[in-house]
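What follows is one structure encoded as structure tokens, with my remarks underneath.
Please treat every number below as a calculation from the coordinates, not as lab data. This structure is a prediction, so every number in the text was calculated from the model and none was measured. Please note: Cβ atoms are built from the backbone with ideal geometry, for glycine as well, and neighbour counts cover all protein chains shown.
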Amino acid sequence: MTETRYDAHNQDIREFTDAIRPTARVVRNVKDEWILLGHEEVVAAATDPETFSSRVSAHLQLPNGLDGDEHRRFRALIDRYLSHDRMVELEPLVAEVAEQTVAELPADETVDAVRGLGATFAVRAMTRWLGWPEDLHPTLVQWVIDNQHASASGDREQTAKVAADFDGIIASVIAPRRADPSIDDVTAELVRDDFLGRPLEDAELVSILRNWTGGDLGSMALCIGVVLEGLVRMPRLAERIRSGSDAEVEAIIAELLRIDNPFVSNRRVTTCPVTVAGVDIPEGARVRLNWTSANRDEATFGQEFDEVAHAEDNLVFGVGPHYCPGEELSLLELRVLFRALLRRFETIELAGAPKRAVTPVGGYDTLPVIFR
């Protein structure tokens with residue numbers, strides 16, 4: 001019997017994997033990657049870094065491209081910048097950004113929730129956190145759009161150019177902080193950090209800042225689109241966000257993102273032969289942990305929206321040693337933005353047909369809405 005090789009290129013990954021997962025927990029794609037689709041299988045792989053190594057790229061990726069003690073050292077450095085105490089200090093600044101962004105939104109006019117509201121807020125919040133100059137905002141917003149196009153295209157030259165453009169932006173903020181000790185912000189702190197017993201090299205700084213920003217900008221814009229669509233579809237949630245506690249609001253947001261997870265997958269490589277859900281995967285195989293599919297697994301989650309019952313198994317921010325260190329920051333940004341949005345506007349309506357994003361990302365490419 002000929003093995004079926006799946007091709008997810010230009011597919012809505014949520015719809016694509018929903019059709020496969022009931023009969024196959026592990027599949028192989030046309031790129032010769034093994035895709036783990038089930039919740040149990042993804043969790044098992046993510047929590048077994050000895051078998052499923054994160055050393056998958058020829059490029060420096062800190063800390064997510066490391067394993068073992070080396071990963072733990074860099075992760076400990078990074079976690080200090082994303083601690084709970086730091087997020088408490090940051091919240092008023094992010095709230096100012098949210099209020100400003102929402103105040104500029106037109107009422108009763110069509111707005112693209114992803115490329116308009118989402119990209120704008122993501123860039124402003126990130127640059128406020130890191131201390132980057134405001135004159136970078138237009139460049140970064142355009143980069144988010146260019147990166148979405150490049151990711152959807154599958155064109156390696158295009159994606160390489162977009163990545164190089166972003167590395168150039170990062171280099172432009174590192175250089176003055178190397179030269180001027182009077183600059184005092186989070187980026188300058190990282191430039192001068194000797195937590196490892198030595199200053200970070202430029203390549204390490206670029207990798208860390210790329211990890212904090214490059215992926216986050218596009219992902220945050222996509223998250224905003226997903227949550228807005230959920231509020232349109234389930235307007236009862238809007239009142240709960242207006243009146244609920246911080247924990248309740250963040251739980252609602254996390255459940256909306258579980259149902260439509262825009263963080264599609266992470267890569268691994270096997271260090272030995274392994275059997276997953278009855279499928280034999282050889283040593284050295286390229287593997288993808290499909291978070292979007294795992295978060296919709298019928299064997300784990302009920303069909304109803306339930307932010308309490310589903311919280312423990314929610315994989316939006318991953319699981320295991322490589323779980324996202326920016327979870328609290330991301331939920332903080334989304335919480336303050338949607339609270340600001342729902343304070344100003346009574347209702348949110350679709351202004352046309354949304355366009356789904358396609359692999360390698362999820363959520364919506366465009367989501368036209370009207371705020372009233």
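Any idea what log10 I(q)/I(0) is at q = 0.12, 0.22 Å⁻¹ for segment 58-200, Debye with uniform C-alpha scatterers and no solvent? Debye intensities relative to I(0), on a log10 scale: -0.65, -1.44.
Counting only DSSP beta bridges with both residues in the chain, the antiparallel share comes to about 80 percent. Label sites at Arg242 and Glu134, each approximated as a point 7 angstrom past Cα along Cα to Cβ, lie 3.1 nm apart. For the chain, the Cβ-based charge dipole about the Cα centre amounts to some 500 debye (Lys, Arg positive; Asp, Glu negative; other atoms uncharged).
Consider the candidate values (i) 22.1, 75; (ii) 20.4, 68; (iii) 22.8, 70; state which one is Rg and Dmax of the Cα atoms in Å computed from the structure displayed. Answer by label: (ii). Taking the chain as a Gaussian network of alpha-carbon nodes connected by springs under 10 Å, the highest mean-square fluctuation of the residues Leu256, Leu315, Leu93 belongs to Leu93. Each principal axis of the Cα cloud of segment 125-276 was evaluated for its coordinate range; sorted largest first, these ranges are 52, 47, 33 Å. Relative to one another, the C-alpha centroids of segment 299-372 and segment 69-105 are positioned 18 Å apart. Multiplying the residue separation of Glu304 and Glu157 by 0.36 nm and subtracting their alpha-carbon distance yields 48.7 nm.
Computed from label points 7 Å out along Cα-Cβ, the spacing between Phe195 and Ile145 is 3.6 nm. Remark on segment 203-247: hydrodynamic radius 12.7 angstrom, per the Kirkwood mean of 1/r across alpha carbon pairs.
Between segment 163-214 and segment 220-293, what is the separation of their alpha carbon centroids in Å? Segment 163-214 and segment 220-293 have Cα centres separated by 29 Å.
Which is farthest toward the positive dipole end of segment 273-372 among His310, Thr366, Ala299, measuring Cα position about the Cα centre, with Cβ charges +1 (Lys, Arg) and -1 (Asp, Glu)? Projecting each Cα onto the dipole axis, the largest value belongs to Thr366.
The label-point distance for Glu109 and Asn29, in a model that sets each label 7 Å from Cα toward Cβ, rounds to 3.9 nm.
Computed per residue of the chain from DSSP H runs no shorter than four, each worth -39500 (n - 2.57), the mean residue ellipticity at 222 nm is -15000 deg cm²/dmol. Taking each residue as 0.36 nm, the span from Ala19 to Asp165 lengthens on full extension beyond its C-alpha to C-alpha distance by 48.9 nm.
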